[in-house]
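Participant: Following this message is one structure expressed as structure tokens.
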Amino acid sequence: MTDRKKILDRIPVRTMTRKPEPYPSRNDLPPETLPERFAEKLSESGGEAFIVTKPDIKKRIRDLFGLQERYLNLSDQVDLPTDEFFYWEDGHHDDPGSGGPDLLIVDGLIGVAGNGAVWLTEEKIGDRRYPFISTGILILLPMEQIVADMFEAYRKISLSSGYGVWIAGPSKTADIEQTLVFGAQGSLRHMVFVIH
């Protein structure tokens with residue numbers, strides 16, 4: 001009998017039993033505290049959160065960005081005049097030398113109060129490159145879509161729906177000299193409008 005066979009024979013045949021979650025879900029947090037906690041965690045990661053009402057979205061965008069920005073609006077929640085848009089044709093920018101849009105506006109599906117992350121899917125972002133080639137990203141997230149933690153979030157999302165990504169703040173990287181650089185592999189500015 002080979003050593004391999006001896007080792008394999010010693011492994012008892014067991015049926016898999018489901019173990020309890022290693023950490024309890026924080027869904028005992030009062031729902032009214034979730035938006036504030038979400039904003040706090042997003043701020044810690046270099047992002048910005050604003051509480052806005054749906055009728056004020058367009059005005060807040062204008063106040064924050066003016067009309068000089070090149071927009072790519074993929075959100076169903078705000079309608080901006082087309083002459084303020086930055087257009088992509090067939091997935092390619094009309095001037096490859098100028099990079100991505102200054103501001104990408106998309107709808108977020110779920111926000112996590114525990115870490116400031118927002119779940120985006122390809123259905124909402126159009127092309128999976130857009131959040132990473134845009135200088136800034138503005139995510140419109142309904143307040144009722146904020147959950148306490150990732151345990152609760154994963155119970156709500158469907159992993160069979162294709163590409164999805166969690167984004168929690170702007171792109172950050174640091175070198176060996178501990179210099180933190182924003183925007184190296186993704187957006188330089190990351191904002192979330194929490195809509196109530």
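The values are calculated or read from the model by the stated rules, or taken from the named source; none is laboratory data. These figures come from a predicted structure and were not determined experimentally. Methodologically, a virtual Cβ is constructed for each residue, glycine included, from the backbone with ideal geometry; neighbour enumeration extends over all protein chains shown.
Participant: Among the strands (runs of 3 or more DSSP E) confined wholly to region 140-196, which include 1 or more residues that are under 24 Å from Lys54 (Cα atoms) and either within 12 Å of the chain's Cα centre (by Cα) or of a type outside the set (Phe, Trp, Tyr) (or both)?
Facilitator: Values: elements: 164-167, 172-174, 180-182, 189-195.
In region 140-196, 164-167, 189-195 are the strands (runs of 3 or more DSSP E) which contain 1 or more residues that are under 24 Å from Lys54 (Cα atoms) and either within 12 Å of the chain's Cα centre (by Cα) or of a type outside the set (Phe, Trp, Tyr) (or both).
Yes/no matrix, rows are residues, columns are (1) at pLDDT below 85; (2) of a type outside the set (S, T, N, Q):
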position	(1), (2)
Asn27	yes, no
Leu34	no, yes
Ala39	no, yes
Ile51	no, yes
Tyr71	yes, yes
Asp95	yes, yes
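Participant: Any idea which of Ile125, Ile157 is crowded, with 18+ Cβ neighbours inside 10 Å, of a type in the set (A, V, I, L, M) and either at pLDDT 85 or above or farther than 24 Å from Lys58 by Cβ (or both)? Step through it out loud before you land on a result.
Facilitator: Details: Ile157 fails: crowded, with 18+ Cβ neighbours inside 10 Å.
That would be Ile125, the only listed residue that is crowded, with 18+ Cβ neighbours inside 10 Å, of a type in the set (A, V, I, L, M) and either at pLDDT 85 or above or farther than 24 Å from Lys58 by Cβ (or both).
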